[in-house]
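**Q** So that we are looking at the same thing, I have put the structure below in structure tokens.
The values are calculated or read from the model by the stated rules, or taken from the named source; none is laboratory data. Source: prediction; values computed, not measured. Here Cβ is always computed from backbone atoms with ideal geometry, including for glycine, and neighbour counts include all displayed protein chains. Protein only, heavy atoms only, side chains kept; ligands, DNA and RNA dropped before computing areas. Shrake-Rupley method; radii C 1.70, N 1.55, O 1.52, S 1.80 Å.
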Amino acid sequence: MATRTGADSLRELQIPPDGVIIKADDLWKTYDMGEAIQVHALSGVSFDIDRGEYVAIMGPSGSGKSTLMNLLGCLDTPTRGNYWLNGHLVSELSDDELAYIRNKEIGFVFQTFNLLARASALHNVELPLIYSGMPARERLEKAEESLRKVDLAERMHHKPNELSGGQRQRVAIARALVNNPSIMLADEPTGNLDSATGEEIMGVFGRLHEAGHTILLVTHEHDIAAHAHRIIHVRDGRIERDERIG
Amino acid sequence: MLIASSTFATAASNETKESARRNSKVENRRARFEFPVSSFEPLMASFDQTAAFPRTGAIQSATGAGAWVTIREAFWIAVEALRAHKLRTFLTLLGVVIATATLIVVMSLINGMNLYIADHIANLGANVFIVHRYQWAQGYEAWLKARRRNKPILIEEFEYLRDNLKDYRNIGAEAEIQNINTYARFQSHTVYFVDIAGVTPNMIDIGMQKVESGRYITQPDYDHESLVCFIGQDLVNSFFPNVDPLNKEVLVDGIPFRVVGVAEKIGSTFGESQDNFVQIPLTTYQKFFSPRPSLEVNVQAWDAEQMMRLEDQTRALLRARRHVPYREDDTFGINASDTIMQTWHQITGAVFGVTIGIVAVFMLVGGIVIMNIMLASVTERTHEIGIRKSLGARRRDILMQFVIEASVMAGIGGGMGLLAAVLVSELVNLIVGPGFFNASIPVSAILVGLVLSTGVGLFFGIYPASQAAKLDPIEALRTEN
């Protein structure tokens, strides 16, 4: 962990209050393109998300929403600014510490499912538990339980190529759920599905939200974003609008 | 990496109390998330978040036993990955297989030869050394030089040693005919290439020979230059298959000898029977075959420690008698079990050294092939690495995964090499036959082979694995295969 300087302890004072699970404070992501040309993918984004919220992040391609998603998912660190996730000041962490946070605090659901092709559904769901070092028996129980939550218990020994798109995405959701993350981060979760299956998946997210999970949805489709209770519009690396619906 | 993550774990556990306090509040808040009873009831129950955020437990499990879990996972990933590409794996491993097989075969051959030499050649008898014209089992060059310089051990020198050596247990002499066109005849049966040796009567106490029936050459036989002989089992089988050989008369190179004793069967060395011999008194030998024979003087000491002193004494006495100048080499050889084994080990050591060199080259090539295929494998599986990283795999987890895969792969190669070595040494034993030495694989060879091959995999796996571990998760996820 970074050594704590005076400035750091000042930041400590700003630890977000209990209900806030995500606090983004002036996040910048700048890429050096050589010869002193800098591209700002994000220029000063700030927002708070409370525990139990269902938030959609919307924006056209190139708006910086992918970059924001990577930062929120702890796959990347901001060039400038602070990001708290469930009390951890994530923006200061090293690679391995970020891996730890991804493992414990974040459940990813991707557009392309990102399941391991050679592993069964069950093993795919087990993966996060393996990297948190859980013993085999306990792991199996939890993975099965998680698959049961998405109604896939009877197909758990099938490999991804033996499952339909919707089923694959449900496996991915089960995998995201298995470590009881603080937030679920879904990146265009219906992008590769037909609209009926997409609705089914959105139904699963809806139920998860009702059960108290915090969900962050990244999408460019208004229909999908409409399922959320709050929409953050991103454009040109800035927050354009932050609206609450319903 | 280890240090970083453990400090992180401590830092995290400092936060535990804090988050526990927060959690209790969260639970109070969650009371608001009551949902109406619905058909989802069981599903909803499993979604219930009261059991969520078990943060204390989760942080504890990140240390200690966790490493073992990920290592086991890495092991199974490796086995799965190798099973998915059987032919590729086999071809990749060929270098390691050949290297391991070569190493183990050579070690087993040397081991077999060692046992054989110790058993058949260096087995001179208990605490016995032999003074002879040549030092045995030395290099060809040294032998050529010795052939020019060294002189035979003569009867006078034997007698001189017998009279001047102090406190030996026994001293005997033996002379063997050099001409190979020898024969022995009984009635119409003839045996060729018989070893004819003149001996002193006490040789039976010194050498490894034993009397099966009758007696050995005695002092009166020796003193009276009697025409008596002591024969080996090969002659008994040829001449007297159903008859008692004792007191029969045998022609040895045309001279009639009376059989007084039969030796126990010895067996063969390097495929040559050791039982095809006739022994007669040394005096008789001098009279009929060679008046001034080249002798093998057998000196027996009381114990191993005294043997060293006797060897030194013998050397000093003979050098003095032969006027060998100071600083010049002996003009005779003193042969003992340990010196024979020592020279033998020098020879096998050279062979082994060459083998090590060859094996090292094979292993290097094999290792580079493994590294190459692992680099390809990392590129192929970039997306998978991205997925694993997004799910919380740390650098060292990915590193471990690929290093273990390379090691398991090379270890399997080692195993196949071991199998090949077993087959080869069995084949050698089959061809050479049971009369010759047996190639036997020593446990040390198995261990060295397996450990070495696994180590090669580990070493050459490090670079590809570190390439994999370094991958940026975002880039890796974006890569499609």
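**Q** Rounded to the nearest whole Å³, what is the per residue volume of the convex hull around the Cα atoms of segment B:130-337?
**A** 135
**Q** Per 0.36 nm of contour for each residue apart, how much would the distance between B:Leu447 and B:Val211 grow if the chain were fully extended, relative to their Cα-Cα spacing?
**A** 80.5 nm
**Q** Along each of the three principal axes of the Cα atoms of the protein assembly as shown, give the extent in whole Å, ordering the values from largest to smallest.
**A** 132, 58, 47
**Q** In straight Cα distance, which aspartates and glutamates are under 18 Å from B:Lys86, not counting same-chain residues fewer than 8 positions off?
**A** B:Glu380, B:Glu405
**Q** Subtract the Cα-Cα distance of B:Asp329 and B:Lys265 from 0.36 nm times their separation in residues, and report this length gain in nm to one decimal.
**A** Result: 19.2 nm gained on full extension.
**Q** So, taking all protein chains as they sit and a 1.4 Å probe, how much accessible area belongs to A:Glu126, in Å² rounded to tens?
**A** 10
**Q** Moving on to the next point. When you count, for each residue, the other Cβ atoms within 10 Å and take the mean per peptide, how do B:85-96, B:247-258, B:455-466 rank with the highest first? Kindly include the intermediate steps, with their values, before the conclusion.
**A** On the way: B:85-96: 17.7, B:247-258: 15.3, B:455-466: 21.4.
For the peptides B:85-96, B:247-258, B:455-466, the packing ranking is B:455-466, B:85-96, B:247-258.
**Q** Starting from 0 in steps of 10 Å, tell me what percent of the Cα-Cα pairs of segment B:278-396 lands in each bin.
**A** 9, 17, 19, 13, 9, 9, 8, 9, 5, 1
**Q** Rolling a 1.4 Å sphere over the protein heavy atoms, what is the accessible area per residue of segment B:130-337, to the nearest Å²?
**A** Here the per-residue accessible area is 51 Å².
**Q** Using only Cα atoms, figure out Rg for segment B:85-125 and give it as a multiple of 2.2 N^0.38 Å. Present the calculation step by step, with values, prior to reporting the outcome.
**A** Working: Rg = 17.4 Å, N = 41, 2.2 N^0.38 = 9.0 Å.
Relative to the 2.2 N^0.38 Å estimate, segment B:85-125 comes out at 1.93.
**Q** Please compute how much accessible surface disappears when A pairs with B, both sides summed, using a 1.4 Å probe, and round it to the nearest 100 Å².
**A** That pair hides around 4800 Å² of surface in total.
**Q** Additional query: Residue by residue through segment B:372-389, what is 3J(HN,Hα) from phi via Karplus (6.51 cos²θ - 1.76 cosθ + 1.60, θ = phi - 60°)? Round to whole Hz and write x for glycine and proline.
**A** Karplus values, whole Hz, x for Gly and Pro: 4, 5, 5, 4, 4, 5, 5, 4, 4, 10, 3, 4, 4, 4, x, 4, 4, 5.
**Q** When Cβ neighbours within 10 Å are restricted to other protein chains, what is their mean count per residue of peptide B:472-478?
**A** 4
**Q** Further, regarding this structure: In sequence order, what are the phi-derived ³J(HN,Hα) couplings for segment B:350-361 according to the Karplus relation 6.51 cos²θ - 1.76 cosθ + 1.60 with θ = phi - 60°, rounded to whole Hz, with x for glycine and proline?
**A** Per-residue couplings from phi come out as 5, 4, 5, x, 4, 4, 4, x, 5, 4, 4, 5 Hz.
**Q** Here is a further query. Hey, what's the Cα Rg ratio for chain A versus the globular rule of thumb, 2.2 N^0.38 Å? Walk me through the numbers on the way to the answer.
**A** Details: Rg = 18.3 Å, N = 246, 2.2 N^0.38 = 17.8 Å.
The value comes to 1.03.
**Q** With no solvent and one equal point scatterer per Cα, compute the Debye intensity ratio I(q)/I(0) for segment B:411-481 at 0.18, 0.27 Å⁻¹ and report its log10, rounded to two decimals.
**A** -0.79, -1.10
**Q** Ranked highest first by average number of other Cβ atoms within 10 Å, how do B:442-452, B:167-177 line up?
**A** On the way: B:442-452: 16.2, B:167-177: 19.7.
Peptide ranking by packing, descending: B:167-177, B:442-452.
**Q** Continuing with the same structure: Could you tell me the calculated FRET efficiency between A:Glu200 and B:Ile368, based on Cβ-Cβ distance and R0 = 51 angstrom, to the nearest 0.05?
**A** In this case the efficiency is close to 0.50.
**Q** May I ask which of A:Lys29/A:Lys65; A:Lys104/A:Lys142; B:Lys248/B:Lys287; A:Lys23/A:Lys65; B:Lys389/B:Lys470 have a Cα-Cα span longer than 19 Å here?
**A** Among A:Lys29/A:Lys65; A:Lys104/A:Lys142; B:Lys248/B:Lys287; A:Lys23/A:Lys65; B:Lys389/B:Lys470, the Cα-Cα distance tops 19 Å for B:Lys248/B:Lys287.
**Q** Using only the Cα atoms of segment B:206-312, what semi-axes does the equivalent ellipsoid have when each is the square root of 5 times a gyration tensor eigenvalue? Give whole Å, largest first.
**A** Working from the Cα gyration tensor, I get semi-axes of 26, 19, 14 Å.
**Q** Could you work out Rg/(2.2 N^0.38 Å) for segment B:325-481, with Rg from alpha carbons only?
**A** In units of the globular-protein estimate, segment B:325-481 measures up at 1.62.
**Q** Let me ask something additional. With θ set to phi - 60° and the Karplus curve 6.51 cos²θ - 1.76 cosθ + 1.60, what are the ³J(HN,Hα) couplings of segment B:223-233 in order, to the nearest whole Hz, using x for Gly and Pro?
**A** Per-residue couplings from phi come out as 5, 9, 6, 5, 8, 10, 9, 10, 10, x, 5 Hz.
**Q** Taking each residue in A:114-122, count the Cβ atoms of any other chain within 10 Å of its Cβ, then average. What number comes out?
**A** Mean shielding by partner chains, rounded to a whole number: 3.
**Q** Binning at 5 Å from 0, report for segment B:61-143 what percent of all alpha-carbon pair distances ends up in each bin.
**A** Binned Cα distances yield the sequence 3, 10, 9, 10, 10, 9, 8, 8, 6, 6, 6, 8, 5, 2, 0, 0.
**Q** Another question, if that's okay. Can you give the average number of partner chain beta-carbon atoms within 10 Å of each beta-carbon in peptide A:174-186, as a whole number?
**A** That average works out to 2.
**Q** Quick check: pseudo-label points 7 Å beyond the Cα along Cα→Cβ at B:Arg321 and B:Glu380, how many nm apart are they?
**A** 7.7
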